[in-house]
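Here the structure is laid out as structure tokens; the discussion comes afterwards.
Taken together, the values in this text are just the output of simple stated rules run on the coordinates, not laboratory data. Just so it is clear, the model here is predicted, and its values are computed rather than measured. Methodologically, a virtual Cβ is constructed for each residue, glycine included, from the backbone with ideal geometry; neighbour enumeration extends over all protein chains shown.
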Amino acid sequence: MKLLPLVPDGQTPVRVLTIAGTDSGGGAGIQADSRTMAMCGVHACVAVAAVTVQNSVGVSGFHEIPPGIVADQVRSVVGDIGVGAAKTGMLASTAIIESVAAVCEEVGIGQGRTPLVVDPVAASMHGDPLLHEEALDAVRHTLIPLATVVTPNLDEVRLITGIEVTDDGSARRAAEALHKLGAQWAIVKGGHLRSSEVSTDLLFDGDQFLEFTAPRISTGNDHGGGDTLAAAIACALANGYSVPDAVAFAKDWTYRCLAASYDLGAGHGPVSPFWRLSS
Ligand code: PLP
């Protein structure tokens, strides 16, 4: 095997912080984030918000990290190492969301400062909850207003906005509703709209709608796809890309990860981040 460096010798790579849950099966959550970051030549810093008991078949339980410890991890990393962007994933509870939002305000993450990608994770693809229902209000009114980009899937769009996305018109209404909650940019992902040949994601900044399209990959091995997209956006933002350019990169990255996804266990296998960038 020939090894090629993703980061030149001795050069400190760009850092991105993921604030999220772990996946013991290694397919989603912090594990998916960290792999995408590594393959993008980015040093992943992690603030663990929850530990899930999970395999390819489902999530059988989770343990929440005390909110103050989640915030302390963020404070510790940002104060010493510094990050070019951050991303949130599974945050589980109102208390953790409030603690993360407060520390992000304190250290200058979110909105016009260090970019923050908010992936408002609510449930696993098996339907197992990863967020207490009562925490949806905190997602809407505490977390999303900090977002440089918010990246819900269609189930999360419905939970957050009440809008059932079935076509282009409802996707646009949902993007407007997410932007109204305070996100600078909102993505409504079309990946789960089964009616179309392609997967089109809609990006909205309160002014213009932009569309990002890739061929639909039909696979049951799409565990971690949402995390991968959000992590890739964060990597591109940390490298100085504009939001539309970051989304274009992340869409292509995630399409390739889906195309290379693999069987694992008896359930849903993961998307494969085993691509490397060429310069
Ligand atoms: N587990 C954790 C810890 C996650 O953060 C996520 C992320 O979205 C999931 C599971 C769900 O991933 P998927 O919807 O791809 O099953």
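Figures for the structure shown
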item	result
Dimensionless Rg over Rh [the range 163-279; C-alpha; Kirkwood]	0.98
At 1.306 mPa s and 10 °C, Stokes D of the range 1-126 from Kirkwood alpha-carbon radius, µm² per second	105 µm²/s
Antiparallel DSSP beta bridges within the chain, percent to nearest 5	40 percent
Across the chain: Cys residues that no other cysteine approaches within a C-beta distance under 4.7 Å	Cys45, Cys104, Cys257
Residues Asp80 and Leu3, FRET efficiency given R0 of 35 Å [Cβ-Cβ distance, rounded to 0.05]	0.75
Inter-label distance, nm, simple model (7 Å from Cα along the C-beta direction), Glu197/Thr213	0.9 nm
log10 of Debye I(q)/I(0), alpha-carbon scatterers only, for the range 220-270 at 0.20 Å⁻¹	-0.63
Loop-resident sites, the range 114-195, for trypsin sites (Lys or Arg not before Pro), counting at most 16 other Cβ within 10 Å (DSSP)	Arg194
Distance from the range 27-60 to the range 143-177 (C-alpha centre basis), Å	23 Å
Assigned charges on the beta-carbon of Lys, Arg, Asp, Glu; the range 3-118 dipole about Cα centre (debye)	220 debye
Inter-label distance, nm, simple model (7 Å from Cα along the C-beta direction), Arg276/Glu134	4.9 nm
Calculated over the chain: convex hull of Cα atoms, volume per residue (Å³)	121 Å³
GNM top mover of Gln73, Gln184, Gln208 - the chain, alpha-carbon springs below 10 Å	Gln208
Interatomic Cα distance distribution for the range 24-79, bins of 10 angstrom, percent	23, 42, 32, 4
Rounded to 5, percent antiparallel among DSSP beta bridges of the range 1-110	30 percent
Per residue convex hull volume, Cα atoms of the range 59-107, in Å³	83 Å³
GNM top mover of Leu146, Leu264, Leu91 - the chain, alpha-carbon springs below 10 Å	Leu264
